[in-house]
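Below you'll find the structure, written out as structure tokens, and then a few comments.
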Amino acid sequence: MHRHPVLSAFALAALALVGAAAVGFSHRDTAAQDATPAVAAEGIVGSWMVTAQLADGFSFVNVTTVMPGGVLINTSDDGPAGHGAWARTGDGAYAFTFVAPDFDDDGSLEGLVTVRAEATLGADGDTFAGPFATEVTDPTGTVLFAYAGTVEATRIAVEPLPAATPTP
């Protein structure tokens, strides 16, 4: 089934914002037994549920992982994984860029989706928000279309294992 680059671009936009948030990571010494790391020490590093909103009301959700060293990966429901970089731009502020290839059913490159974003980490350390801009290009780099919007993200936290339910 052929994926339309517009949908992949939407997914990538969300990733980009998440990647931007990744910039605020800091190292911390911790024991493996710590169930909930101190948010201030973790910064933007972690995994996030990201909701992107376009001006026309269209929205979509992605999962983004921000890693130490300026690396981020985004997963969407309708396209390839996006890969990119992030950097801290200020106190709680981040910028990022990521790209995702768009392939046709035969595996040929149809183009690239490039997302650029800025994000501000919330005071709680478990949310971030900001604007993003996306460009979809053909394989030669010609811009086919562009769009922009905003994202809001929530950190994915460790949850306790639910009590086992006996089966009849």
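Sorted from fewest to most neighbouring beta carbons within 10 Å, what does the list S59, S76, S108 look like?
Result, fewest neighbours first: S108, S59, S76.
With a 10 Å Cβ neighbour count serving as the proxy for reagent exposure, in which order, fewest first, do V61, V45, V113 appear?
Values: V61 13, V45 23, V113 29.
In increasing order of surrounding Cβ atoms, one gets V61, V45, V113.
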Subject >> Efficiency of FRET from Cβ geometry, V143 and D56, R₀ 30 Å, rounded to 0.05 >> reply: 0.95
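Would you tally the net charge around V99, using a Cβ to Cβ cut-off of less than 11 Å, leaving V99 out, and scoring K and R as +1, D and E as -1? Walk me through the numbers before you get to the answer.
Working: positive: R116; negative: D102, E135.
Summing Lys/Arg as +1 and Asp/Glu as -1 gives -1.
We did not get these values from a lab; they are worked out from the coordinates using the rules stated. This structure is a prediction, so every number in the text was calculated from the model and none was measured. We place every Cβ from the backbone using ideal geometry, glycine too, and count neighbours over all the protein chains shown.
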